[in-house]
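The values are calculated or read from the model by the stated rules, or taken from the named source; none is laboratory data. Bear in mind the structure is a predicted one, so any value in this text is a computation, not a measurement. Methodologically, a virtual Cβ is constructed for each residue, glycine included, from the backbone with ideal geometry; neighbour enumeration extends over all protein chains shown.
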Amino acid sequence: MDKKKVIFILGIGRSGSTLLDLMLGSHPQAFSLGEISKLPQKLVNKGQRNLAALKESRFWIDNFDEAELKRFAAGISNHRFNKYIPLKIERFVRELVGKDDIFNPYTILFEKTKTQILVDSSKYFSWVSQQLKNREFQKGVIDSYLIRMVRDGRAVVNSYSRIYPEQTISEITQKWVRLFKEQQDFYDKFSGGQKMLVRYEELATKPEEVLTNICQFLGIEFFPDMVEFWKHEHHHITGSRGTNALIRKYRGLKQKKGMEEIHGSYYEQMGLQIKLDLRWKNELSVDNLAIFNSFAGELNKPYQWNIE
């Protein structure tokens, strides 16, 4: 493998981004970052240093001291280091004198992880756009790849409704429409590297085939055990509780608080396997489905999954 690679996963929440992240992060040369865009928030607001979704992980504690982690968080989130110096000026001067390493966070992460591939499932197009402005990408030091995860909008809206019951289907659907259009526009215009569209439903039903295609796209070898991501060591930040539940189950760890309240026995009964989640078919009422279709029916048509 020549140049190092960063894989950005773009997608609306509840669309399988964590699943793909952990599968790709199970490649022997890869490291799953998870939603690293949330690192500064977790560090500043909660004072956490153990940032991994799996609290048993010590990667962030062992590889960054407190001051180093704060500087890294400021750099990756594009915050000022000095309140009297505009960020643009500081970036320009630091690059001019060769002291801009703090504004090249993925280079730092490659040094810390000792890997060739980083997987970033922060999901939002604004995050991807911001990171690609870094010199490490602009100068071609690191190759960037964009993978857009899509899922039947009915399943996404139902999943959000399960987690946020205080929100109406109308509100959730309109948010889905807005995010979908924004991401579609970003993906269509993306020129910062190579790009690929992946359907959650295909990844869940044909994981080896889909992962093989993705690995070919990335120019890396496919390893069959990437599918069973729960068997590998991961240090990712946040991500889907359901997907993380498989890792906890495999390791014999207690599930996070609230899992049963939200999901019932779904993840307990499914065992250690990749299973296509079609709960929307039983949980989304006729009335709520009609509301979804009134706002998003046409937009969602190409992504409907009607196979059992």
* Asked: How many of the residues in the range 146-167 are assigned to a loop (DSSP other than H, G, I, E, B), more than 20 Å from Lys301 (Cα to Cα) and of a type in the set (D, E, K, R)?
  -> 1
* On the given criteria, is His232 crowded, with 18+ Cβ neighbours inside 10 Å and touching a Gly at 6+ places or on another chain (Cβ under 6 Å)? -> no
* **Criterion (at pLDDT 95 or above, surrounded by 11 or more Cβ atoms within 10 Å (Cβ to Cβ) and over 30 Å from Val227 (Cα atoms)) met by exactly one of Leu278, Leu284, Leu289** => Leu289
* **Filtered residue count, the range 247-262, keeping only those that are in contact with a Gly (Cβ under 9 Å, 6 or more places away or on another chain) and at pLDDT 90 or above** => 1
* Structure fact -> All-but-one check, Phe223 against (1) surrounded by 19 or more Cβ atoms within 10 Å (Cβ to Cβ); (2) of a type outside the set (Lys, Arg); (3) in contact with a His (Cβ under 8 Å, 6 or more places away or on another chain), failing number (1)
* Taking the range 28-77 on its own, how many of its residues are of a type in the set (Asp, Glu) and under 21 Å from Gln255 (Cα atoms)? -> 2
* Asked: Out of (1) touching a residue at least 60 places away in the same chain (Cβ under 8 Å); (2) buried (at least 19 other Cβ atoms within 10 Å of the Cβ); (3) touching a helix residue (DSSP H, G or I) at 6+ places or on another chain (Cβ under 6 Å), what's the single condition that is false for Val210?
  -> (1)
* Structure fact -> Counting only residues in the range 169-207 that are polar (S, T, N, Q) and touching a residue at least 40 places away in the same chain (Cβ under 8 Å), the one surrounded by the most Cβ atoms within 10 Å (Cβ to Cβ) is identified as Thr173
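Run down Leu197, Leu146, Leu218 and say which single residue is among the hydrophobic types (A, V, I, L, M, F, W, C), out of contact with any Ser or Thr (no Cβ under 6 Å at 6 or more places or on another chain) and over 20 Å from Ile12 (Cα atoms).
None of the other options fit; the residue is Leu218.
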* To do: Return a yes/no flag: does the range 261-271 have any residue that is touching a residue at least 12 places away in the same chain (Cβ under 8 Å), of a type in the set (Phe, Trp, Tyr), over 30 Å from Met226 (Cβ atoms) and in contact with a helix residue (DSSP H, G or I) (Cβ under 6 Å, 6 or more places away or on another chain).
  => no
* Asked: What are the residues in the range 177-224 that are over 18 Å from the mean Cα position of the chain (by Cα), in a helix (DSSP H, G or I) and farther than 17 Å from Thr18 by Cα, if any?
  -> Val177, Arg178, Lys181, Asp185, Asp188, Lys189, Glu209, Thr212, Asn213, Gln216, Phe217, Pro224
* Structure fact -> Considering residues that are of a type outside the set (Phe, Trp, Tyr), outside any loop (DSSP other than H, G, I, E, B) and touching a residue at least 24 places away in the same chain (Cβ under 8 Å), the number found within the range 1-54 is 27
* If a residue has to be over 30 Å from Gly13 (Cα atoms) and modelled with pLDDT under 85 to count, how many in the range 64-100 make the cut? -> 20
* Determine whether Phe217 is touching a strand residue (DSSP E or B) at 6+ places or on another chain (Cβ under 6 Å) and surrounded by fewer than 18 Cβ atoms within 10 Å (Cβ to Cβ). => yes
* Asked: Are there any pairs with C-beta distances below 6 angstrom linking a residue in the range 115-143 that is under 10 Å from Val6 (Cβ atoms) to a residue that is among the charged types (D, E, K, R) and surrounded by fewer than 17 Cβ atoms within 10 Å (Cβ to Cβ), with the two at least 6 apart or on different chains, and if so which?
  -> Asp143/Lys3
* Asked: Scanning the range 20-49 for residues that are hydrophobic (A, V, I, L, M, F, W, C) and either touching a Pro at 6+ places or on another chain (Cβ under 9 Å) or surrounded by fewer than 21 Cβ atoms within 10 Å (Cβ to Cβ) (or both), which turns out farthest from Glu68 (Cα to Cα)?
  -> Met23
* Structure fact -> From the option list Leu278, Leu289, Leu299, single residue qualifying as on the phi < 0 side of the Ramachandran plot, in a loop (DSSP other than H, G, I, E, B) and either among the hydrophobic types (A, V, I, L, M, F, W, C) or in contact with a helix residue (DSSP H, G or I) (Cβ under 9 Å, 6 or more places away or on another chain) (or both) is Leu278
